[in-house]
Amino acid sequence: MNIITYSPAYTIVPTYECYNRCTYCNFRTDPGQSSWLTIIAAEKIFKQLKNQNICEILILSGEVHPQSSRRLEWFQRIYDLCELALTMGFLPHTNAGPLSFVEMQKLKQVNVSMGLMLEQLTPDLLKTVHKYAPSKLPDLRLQQLEWAGELKIPFTTGLLLGIGETENDWWETLKAIANLHHRYHHIQEVILQPHSPGNQQSFNAPPFNPNQLPELIFKARQILPSDITIQIPPNLVKDQQWLLACIAAGARDLGGIGPKDEVNPDYAHIQEQELREILQPAGWELVPRLPIYPQFDHWLSEELQTLVKLWRKLHHQLKYITLNTEAKMGDLR
């Protein structure tokens, strides 16, 4: 049976406030309009997650302006949340917008991987959906991928599809990712995320055409190096046959599956059991993974490597138990 992976994950949001105003966003609030997550509140959440087989804690945050007087406090909150997640046995992965080199260097100490969506590299979007989003400058976001390579941070990036770009923009963005990976070999995954309209956004555009996604994935698979996994979010791929077509075209990961998609709150995650019921009849085995791929383990500190090894051992045991259970059920049938 062929394998497709996902990450058993829970998303923690330090703050929803963001100085960017992307017109397709369904996540942000204005600065000063929402409270920040406290360490005490996060600890309560983590305690509730114990024994639920949650591995990844995704630290997903709105952005505080680099020149803001609250930037240092914001960064420290993210660092402290990552550190807390580690002490409670989870594996943190941070995606908090563009960071300075020093900020990335510090977060490497308390994250097993990190991420930032490139979205699209065309500067044309700075006149439309990114007109009021200073951190969406293409060169700024490309710089993050380069710094991640220099710092040996296992990294996830991706494209947002259907926000006013052209097909040629897709290929140029994918080629830029491929070129950086050829230099540093640090990109774990590329997410291909179709624009899915939500209730909060002001961007008036239809959802990305689902018929285009399998062909896009097929071409992306030809552009990207083979050791980069293509990820698609199954809650944004509503039709089962469309989802299977995307997998057949080359997608091999379904991302973090948790209680809520914070970026697309109007689209509930398809949970593990339902995904298995879709995938198994088509010959696909759904397998949990860590937020760091095995080839990058040696980039971590000894402390982080020890925790990762414990999780790899647990996942191996769970898979063995699952396989034995399925075999026994087959005998009973």
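Before we move on, is Thr94 surrounded by 20 or more Cβ atoms within 10 Å (Cβ to Cβ) and either within 30 Å of Gly250 (Cα to Cα) or in contact with a Pro (Cβ under 6 Å, 6 or more places away or on another chain) (or both)?
yes
Of all helices (runs of 4 or more DSSP H) completely enclosed by region 69-174, which ones contain at least 1 residues that are β-branched (Val, Ile, Thr) and under 20 Å from the mean Cα position of the chain (by Cα)?
Filter on region 69-174 gives 71-87.
Any chance you could count how many residues in region 283-302 are assigned to a strand (DSSP E or B) and not β-branched (Val, Ile, Thr)?
Result for region 283-302: 4.
Just wondering, is there one or more residues in region 204-222 that are assigned to a loop (DSSP other than H, G, I, E, B), out of contact with any strand residue (DSSP E or B) (no Cβ under 6 Å at 6 or more places or on another chain), surrounded by fewer than 22 Cβ atoms within 10 Å (Cβ to Cβ) and modelled with pLDDT of 95 or more?
The answer is no; no qualifying residue exists.
Checking Asp261 against (1) surrounded by 18 or more Cβ atoms within 10 Å (Cβ to Cβ); (2) modelled with pLDDT of 95 or more: exactly one of these is not met. Which one?
Going through (1) surrounded by 18 or more Cβ atoms within 10 Å (Cβ to Cβ); (2) modelled with pLDDT of 95 or more one by one, Asp261 breaks only (2).
Which of (1) in contact (Cβ under 8 Å) with a residue 24 or more places away in the chain; (2) farther than 23 Å from Thr128 by Cβ is the odd one out, the single condition Pro207 does not satisfy?
Going through the list (1) in contact (Cβ under 8 Å) with a residue 24 or more places away in the chain; (2) farther than 23 Å from Thr128 by Cβ, Pro207 breaks only (2).
Restricting the search to region 101-136, which residues are among the β-branched types (Val, Ile, Thr) and either modelled with pLDDT under 95 or in contact with a strand residue (DSSP E or B) (Cβ under 8 Å, 6 or more places away or on another chain) (or both)?
Val110, Val112
Looking only at region 192-203, how many residues end up being touching a Phe, Trp or Tyr at 6+ places or on another chain (Cβ under 7 Å) and either part of a strand (DSSP E or B) or surrounded by fewer than 17 Cβ atoms within 10 Å (Cβ to Cβ) (or both)?
Total satisfying the criteria: 1.
Which numbered condition trips up Glu277, out of (1) in a helix (DSSP H, G or I); (2) in contact with a Leu (Cβ under 8 Å, 6 or more places away or on another chain)?
Result: Glu277 passes all but (2).
Mind checking which residues of region 30-53 are modelled with pLDDT of 95 or more and not charged (D, E, K, R)?
Selection gives Trp36, Leu37, Thr38, Ile39, Ile40, Ala41, Ala42, Ile45, Phe46, Gln48, Leu49.
Can you work out which of the residues in region 140-162 that are in contact with a strand residue (DSSP E or B) (Cβ under 7 Å, 6 or more places away or on another chain) and hydrophobic (A, V, I, L, M, F, W, C) is farthest from His186 (Cα to Cα)?
Checking each candidate, the answer is Leu161.
Give the residues of region 5-46 that are under 29 Å from Gln273 (Cβ atoms) and either part of a loop (DSSP other than H, G, I, E, B) or within 16 Å of the chain's Cα centre (by Cα) (or both), sorted by residue number.
Thr5, Tyr6, Ser7, Pro8, Ala9, Tyr10, Thr11, Ile12, Val13, Asn26, Phe27, listed by residue number.
Conditions tested, residue by residue: (1) in contact with a Cys (Cβ under 7 Å, 6 or more places away or on another chain); (2) surrounded by 15 or more Cβ atoms within 10 Å (Cβ to Cβ); (3) free of Cβ contacts under 8 Å to residues at least 40 places away in the same chain.
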| site | (1), (2), (3) |
| --- | --- |
| Val129 | yes, yes, no |
| Ser135 | no, yes, no |
| Asp139 | no, no, yes |
| Leu142 | no, yes, yes |
| Gly162 | no, yes, no |
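Working only within region 57-92, note down all residues that are more than 24 Å from Ser135 (Cβ to Cβ) and not aromatic (Phe, Trp, Tyr).
Glu83, Leu84, Ala85, Leu86, Thr87, Met88, Gly89, Leu91, listed by residue number.
May I ask you to verify whether Gln67 is without any contact (Cβ under 8 Å) to a residue 40 or more places away in the chain and either surrounded by fewer than 15 Cβ atoms within 10 Å (Cβ to Cβ) or within 22 Å of His298 (Cα to Cα) (or both)?
Yes; evaluated as a whole, the condition is true for this residue.
Okay, residues lined up against (1) surrounded by 15 or more Cβ atoms within 10 Å (Cβ to Cβ); (2) of a type in the set (Ser, Thr, Tyr); (3) in contact with a Ser or Thr (Cβ under 9 Å, 6 or more places away or on another chain):
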{"position": "Asn2", "(1), (2), (3)": "no, no, no"}
{"position": "Ser7", "(1), (2), (3)": "yes, yes, no"}
{"position": "Tyr16", "(1), (2), (3)": "yes, yes, yes"}
{"position": "Cys22", "(1), (2), (3)": "yes, no, no"}
{"position": "Phe27", "(1), (2), (3)": "yes, no, no"}
{"position": "Leu37", "(1), (2), (3)": "yes, no, yes"}
{"position": "Ile40", "(1), (2), (3)": "no, no, no"}
{"position": "Lys47", "(1), (2), (3)": "no, no, no"}
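Considering (1) within 26 Å of Met104 (Cβ to Cβ); (2) part of a loop (DSSP other than H, G, I, E, B); (3) acidic (Asp, Glu), say which one Glu189 fails and leave the rest.
For Glu189, the failing item is (2).
Return the total of residues in region 235-274 being of a type outside the set (Gly, Ala, Ser), farther than 20 Å from Asn199 by Cβ and part of a helix (DSSP H, G or I).
10
The values are calculated or read from the model by the stated rules, or taken from the named source; none is laboratory data. What you see is a predicted model; the values in this text were computed from it and never measured. So basically every Cβ, Gly included, is an ideal-geometry build from the backbone, and we count neighbours across all protein chains shown.
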